[in-house]
Amino acid sequence: MRDISRREAMETMLLAGAGLTLTNLTNAEAQTAPVPKAFAGQHKPRPLPFDPTKLKGISEKLIKSHWENNYSGAVNALNVVERRLATMLADKDLPAYVYGDLKREELVRTGSVVLHEYYFANLGGDGKPGGDVLNAIKQAFTSYDQWEAEFKRTGNALGGGSGWVIFALNLHTGELHNYWSWDHMHNAPTGLSLLVLDMYEHAYHMDYGAAAAKYVDAFMQNVNWEEVNRRYMTAQRAVTAVKS
Ligand SMILES: [Fe+2]
């Protein structure tokens, strides 16, 4: 039996936990090859950008559990996946379908990390919309209330299951939409996220049980519209640049 490092053992256990069936993919050639930056696996969890004791209707215990277990877990898993991809890439005999399993995991974990970072960063506000994004919402949806009703209905449609609601400015169409997203990989192409709502049960079950709609209402009271507006202004410049 060959010696393996603690890190390799941990990575193998994590991958096994992800349902992957990878076997002894490290070899001398792979271990000496330079690691491409794309597979560096050096992501670090971003700290919560707000005081978790100050949210309205969402408990500190839930937020901390969400950050520590779901978000940070995704960051760690992405690092494992990236490093293992580098190893597998150097294995010339590895079947493409085996590589594909881990490429899928790369997409899942990347989606989870990015969306969770958007989610936490758009919390901690007073829930009162303003700025240019509010004017854009009124133009696209007739009124803020109309937009909010659709955003919440889309979230409630995901209650009891999993997914995200992503209010986005589409880089290609230039339109604002509330996109329904069944999982971390399910996004409208070229949609630039402005406001992200986590509808996985881990985001609310501790506080609300199966009453997802109450969580959606609480979420709206804590939206950081300054951050949403900042994202909108950035996205708007990107749309303008693409059209010019
Ligand atoms: Fe989550």
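The values are calculated or read from the model by the stated rules, or taken from the named source; none is laboratory data. Computed from a predicted model, the values in this text were never measured in an experiment. Neighbour counts are summed over all protein chains in view; Cβ atoms, including those assigned to glycine, are modelled from backbone coordinates with ideal geometry. We work out accessible area using only protein heavy atoms, side chains counted, and drop any ligands, DNA or RNA first. Shrake-Rupley method; radii C 1.70, N 1.55, O 1.52, S 1.80 Å.
In table form, for the structure just shown:
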item	result
Options Gly127, Gly100, Gly131; residue that is within 22 Å of the chain's Cα centre (by Cα), among the small types (Gly, Ala, Ser) and under 30 Å from Leu55 (Cβ atoms)	Gly127
Filter pass, Lys92 being open to solvent by 50 Å² or more (accessible area, probe 1.4 Å) and away from the ligand (no atom under 16 Å from the Cβ)	yes
Total residues in the stretch 147-181, condition open to solvent by less than 40 Å² (accessible area, probe 1.4 Å) and among the acidic types (Asp, Glu)	0
Selection count where residues are closer than 20 Å to Ala140 by Cα and under 16 Å from the mean Cα position of the chain (by Cα), scope the stretch 160-177	4
Answer residue from the stretch 72-89, given it is surrounded by 21 or more Cβ atoms within 10 Å (Cβ to Cβ) and within 15 Å of the ligand (Cβ to nearest atom) and is farthest from Gln42 (Cα to Cα) among those	Ala74
Selection count, the stretch 163-182, where residues are assigned to a loop (DSSP other than H, G, I, E, B) and touching a strand residue (DSSP E or B) at 6+ places or on another chain (Cβ under 8 Å)	3
